[in-house]
Amino acid sequence: MKIYSLLLVFAIVLCIPLAAQELVKEKDIVIYSDDRFYSAFPSVVLRPDGELLAAFRRAPERRYFGEASSNHTDPNSYLVLVRSKDNGESWTTEPELILAHPFGGSQDPCMTQLRDGTIVCSSYGWALLRGDAAEKVPPTLRHGNFVFMGGYLTRSTDGGATWSGPIQPPPVPGNLAQTVFKEPCPAYNRGPMWEGRDGSLYWAVASQSRLEPRLTEVHLMASKDGGLTWEYRCPIAKDPEVTFNETALIETRGGTLIAFMRTANFDDHTTVARSTDGGKSFAPWEDAGFQGHPHCATLLPDGRILLVYGYRHEPYGIRARVLDAEAGNIAESTEIVLRDDGGSGDLGYPWISPMADGRYLAAYYFNRENGTRHIAGTILSLKNN
């Protein structure tokens, strides 16, 4: 008892918790839903004044037009956002337009807020092909009657009220895909960037090393001017058989840059790669040992990593893990089920953000009984054991 009392005194004096706080789910919310629209692929940022911005891709619900279903390519797919001033309890009902691309539909608006308040939003697009046009386009990525346009970025310096761009990033060296203009596809990917402690903005981008059958690698690019210009750094992960694509980056308190990657041809396993030299190189990729994609991560106050990801296996939903400060326990970490009531595998893509009141919001797209795809969320908090 004396030893325990002494430890308790030291813990109080040094402000060291005796046990790590536990992640607790509070409730699920709806951020945006309209039966006329297929809404998906959100990202969230917390503004300095406490306001939350949730961006997502919105396209017409094609079932109203007599089509069998909606899908992830649509010529009327635009980037929009809604706002909350009360920690996610209520949201603006009429979305604000971020960008409508002049050549096709846009996907996955991925917002990253820099320390100076600038918001950098990455996206990519698909252009609709008509008639026999598919036979005339250069070698590139295809999805049905759509051809890939590559990535672009927009920026806002006024809290999302106005956006500049689009900015076209350079292509990844060795990428085989071309645009319809017979130019190398600009860099692209789904996932959060990360502003490093040195001020560099890091971005994990995808590259097509083989078009048929498709094989994708992930590489690192960096910007020293807040996303206006980019330079190539190094490969993050590549393999002759395994595809890597949608990637979330995070820098640990110890300075390690960690990439959480979606895979194909690998039983939907999450993989990770680590850089300990400021993004100059990455160690060989590792199998995290669990299924799920894609990912988003944030640092908790004690340095641990909160990781969220979609789960497109029955029961469909959203899951999370709390990792140690260097994600060394990723394979042994406990999986936390946030949602298991999804109506099909067409859901997920969660994005995690702190809120002004100290809680966390995991935003994602969701469906119930294969109904309207909408933007939903789960509010999480940390509680003492």
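The values are calculated or read from the model by the stated rules, or taken from the named source; none is laboratory data. This is a predicted model, so every value here is computed, not measured. All Cβ positions, even for glycine, are placed from backbone atoms using ideal geometry, and neighbour counts span all protein chains on display.
I'd like to know if the range 161-183 contains one or more residues that are assigned to a strand (DSSP E or B) and surrounded by 22 or more Cβ atoms within 10 Å (Cβ to Cβ). Steps first, answer last, please.
Of the residues in the range 161-183, the ones assigned to a strand (DSSP E or B) are 164-167, 178.
Filter once more, so that each one left must be surrounded by 22 or more Cβ atoms within 10 Å (Cβ to Cβ): none.
Scanning the range 161-183, I find no residue that is assigned to a strand (DSSP E or B) and surrounded by 22 or more Cβ atoms within 10 Å (Cβ to Cβ), so the answer is no.
Scan the range 259-301 residue by residue and report those that are assigned to a strand (DSSP E or B) and of a type in the set (A, V, I, L, M, F, W, C). Outline the logic, then answer.
Step one: of the range 259-301, the residues assigned to a strand (DSSP E or B) are 259-264, 269-275, 286-291, 295-299.
A259, F260, M261, A264, V272, A273, A288, F290, C296, A297, L299 - these are the residues of the range 259-301 that are assigned to a strand (DSSP E or B) and of a type in the set (A, V, I, L, M, F, W, C).
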Report summary line: Counting only residues that are over 18 Å from R57 (Cβ atoms), surrounded by fewer than 20 Cβ atoms within 10 Å (Cβ to Cβ) and under 21 Å from the mean Cα position of the chain (by Cα), the range 78-106 contains a total of 1
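Within the range 186-194, is even one residue at pLDDT 95 or above, assigned to a strand (DSSP E or B) and polar (S, T, N, Q)?
Going through the range 186-194, the residues at pLDDT 95 or above turn out to be 186-194.
So of that shortlist, the ones also assigned to a strand (DSSP E or B) come out as 188, 194.
Filter once more, so that each one left must be polar (S, T, N, Q): none.
Within the range 186-194, none of the residues are at pLDDT 95 or above, assigned to a strand (DSSP E or B) and polar (S, T, N, Q).
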Query raised in the report: Which members of the range 339-372 meet the condition of being modelled with pLDDT of 95 or more and among the β-branched types (V, I, T)?
Result: I352
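Residue-wise test of (1) touching a residue at least 24 places away in the same chain (Cβ under 8 Å); (2) touching a helix residue (DSSP H, G or I) at 6+ places or on another chain (Cβ under 8 Å); (3) crowded, with 21+ Cβ neighbours inside 10 Å.
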| position | (1), (2), (3) |
| --- | --- |
| I119 | yes, no, yes |
| G125 | yes, no, yes |
| L129 | no, no, no |
| P138 | yes, no, no |
| L153 | yes, no, yes |
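Given the condition part of a strand (DSSP E or B), surrounded by fewer than 24 Cβ atoms within 10 Å (Cβ to Cβ) and either out of contact with any strand residue (DSSP E or B) (no Cβ under 7 Å at 6 or more places or on another chain) or β-branched (V, I, T) (or both), answer yes or no: does some residue in the range 217-233 qualify? Show your work before the answer.
Quick first cut of the range 217-233, residues part of a strand (DSSP E or B) only: 217-223, 231-233.
Narrowing further to those that are surrounded by fewer than 24 Cβ atoms within 10 Å (Cβ to Cβ): 217, 221-223, 231-233.
Those still in the list that are either out of contact with any strand residue (DSSP E or B) (no Cβ under 7 Å at 6 or more places or on another chain) or β-branched (V, I, T) (or both) too: none.
Checked against the condition, which is being part of a strand (DSSP E or B), surrounded by fewer than 24 Cβ atoms within 10 Å (Cβ to Cβ) and either out of contact with any strand residue (DSSP E or B) (no Cβ under 7 Å at 6 or more places or on another chain) or β-branched (V, I, T) (or both), the range 217-233 yields no hits at all.
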Query raised in the report: Pairs under 8 Å by beta carbon, first residue over 21 Å from F41 (Cβ atoms) in the range 344-361, partner among the polar types (S, T, N, Q) and surrounded by fewer than 22 Cβ atoms within 10 Å (Cβ to Cβ), six or more apart or different chains?
Result: A356/N87; D357/N87; G358/S381; R359/N87; R359/S381
Report task. Evaluate the following for A283: is it farther than 25 Å from V80 by Cα, touching a strand residue (DSSP E or B) at 6+ places or on another chain (Cβ under 6 Å) and of a type in the set (A, V, I, L, M, F, W, C)? Result -> yes
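Which one of T247, T270, T263 is over 28 Å from L382 (Cβ atoms) and touching a strand residue (DSSP E or B) at 6+ places or on another chain (Cβ under 6 Å)?
Details: T247 fails: over 28 Å from L382 (Cβ atoms); T270 fails: over 28 Å from L382 (Cβ atoms).
Matching residue, one of T247, T270, T263: T263.
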Requested in this report: For the range 291-301, state whether one or more residues are farther than 21 Å from T112 by Cβ and touching a residue at least 40 places away in the same chain (Cβ under 8 Å).
Outcome: no
Report summary line: Subset of the range 305-316, residues surrounded by fewer than 23 Cβ atoms within 10 Å (Cβ to Cβ) and either closer than 15 Å to A376 by Cβ or not hydrophobic (A, V, I, L, M, F, W, C) (or both), comes to R312, H313, E314, P315, Y316
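Picking from I336, I379, I375, which residue would you name as being modelled with pLDDT of 95 or more, within 21 Å of T112 (Cβ to Cβ) and in contact with a strand residue (DSSP E or B) (Cβ under 6 Å, 6 or more places away or on another chain)? Show your work before the answer.
Details: I336 fails: within 21 Å of T112 (Cβ to Cβ); I379 fails: within 21 Å of T112 (Cβ to Cβ).
The unique qualifying residue is I375.
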Report task. Look at S69 and say whether it is under 17 Å from R373 (Cβ atoms), surrounded by fewer than 13 Cβ atoms within 10 Å (Cβ to Cβ) and at pLDDT below 90. Result -> yes
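Any residue that is more than 15 Å from the chain's Cα centre (by Cα), without any contact (Cβ under 8 Å) to a residue 60 or more places away in the chain and more than 20 Å from T298 (Cβ to Cβ) - is there at least one of those in the range 252-264? Steps first, answer last, please.
First, pick out the residues of the range 252-264 that are more than 15 Å from the chain's Cα centre (by Cα): 252-257, 264.
Filter once more, keeping what is without any contact (Cβ under 8 Å) to a residue 60 or more places away in the chain: 255, 264.
Restricting the remaining residues to those that are more than 20 Å from T298 (Cβ to Cβ) gives 264.
Yes, because at least one residue in the range 252-264 is more than 15 Å from the chain's Cα centre (by Cα), without any contact (Cβ under 8 Å) to a residue 60 or more places away in the chain and more than 20 Å from T298 (Cβ to Cβ).
If you check R57, R115, which single one turns out to be among the basic types (K, R), assigned to a strand (DSSP E or B) and under 20 Å from the mean Cα position of the chain (by Cα)? Don't jump to the end; show me each part of the working.
On the way: R115 fails: assigned to a strand (DSSP E or B).
Result of the check over R57, R115: R57.
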